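Each remark here refers to the structure printed beneath this line.
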Amino acid sequence: MIRVCSLTDLDDRKPVAFEVGAEYTPVLLVRDGDVVHALRDLCSHAEVALSEGEVTRKGVECWLHGSCFDLRTGAPSSPPATEPVDVFAVELRGDDVFVDVATTTN
């Protein structure tokens, strides 16, 4: 687990991009109340940053073609994407947000 930011650095339901770890893995964090979701910050359809999109009721929406990805599973919830994006484990330790980019959950 790698410390990425403070919980107070994240606005509710606003995607934020980070590069995490020695490999500079592109990670998108989304705070939803007291829960933080971490996904690979790369659309599986168009290979653009999901962090430039917005969070809708379907998940995070890619700004380029409108594909949406579930925040919990990374599964596409609307086309044109058909492949999921990686989801990373998140751990909150007090006010600190830690992400494990070594293991994906999908």
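Each reported figure results from applying straightforward, stated rules to the coordinates on display, with no laboratory input. On a predicted model such as this, the values are computed, not experimentally measured, just so you know. All Cβ positions, glycine included, derive from the backbone under ideal geometry; neighbour counts span all protein chains shown.
With each label modelled as a point 7 angstrom along the Cα→C-beta vector, the K14-E83 pair spans 3.2 nm. Residue by residue, region 75-92 carries 3J(HN,Hα) couplings of 5, x, 10, 7, x, x, 5, 10, 9, x, 9, 5, 10, 10, 5, 10, 10, 9 Hz when phi is fed to the Karplus relation 6.51 cos²θ - 1.76 cosθ + 1.60 (θ = phi - 60°); x denotes Gly or Pro. About its Cα centre, region 16-106 has a charge dipole of approximately 280 debye under the convention of +1 per Lys or Arg Cβ and -1 per Asp or Glu Cβ, with nothing else charged.
For P84, what is the net charge nearby, where nearby means another residue's Cβ is under 12 Å from its Cβ and Lys, Arg count +1, Asp, Glu -1? Taking every Cβ under 12 Å from that of P84, the sum is -1. Couplings 3J(HN,Hα) for region 12-19, derived from phi with the Karplus relation 6.51 cos²θ - 1.76 cosθ + 1.60 (θ = phi - 60°), are 4, 6, 10, x, 9, 8, 9, 10 Hz, where x marks Gly and Pro. Looking at region 9-106, the GluC sites (Glu not before Pro) that sit in a DSSP loop and have at most 13 other Cβ atoms within 10 Å of their own Cβ are E23, E47.
Taking Cβ separations below 4.7 Å as the criterion for a possible disulfide partner, the isolated cysteines in the chain are C5, C68. Within region 7-51, list the residues whose amide N lies under 18 Å from a label point set 7 Å along Cα→Cβ of L92. So the set is 7-16, 28-39.
The string of couplings for region 35-43 from the Karplus curve (6.51, -1.76, 1.60, θ = phi - 60°) is 10, 10, 9, 10, 10, 5, 7, 7, 4 Hz, one whole number per residue in order, with x for Gly and Pro. Restricting region 55-94 to trypsin sites (Lys or Arg not before Pro) that sit in a DSSP loop and have at most 11 other Cβ atoms within 10 Å of their own Cβ leaves R57. Any idea how far the Cα center of region 74-106 sits from the one of region 1-50, in Å? Measuring centre to centre over Cα atoms gives 8 Å.
Taken along the Cα-to-beta-carbon direction at a fixed 7 Å, the label points for T105 and T73 span 1.3 nm.
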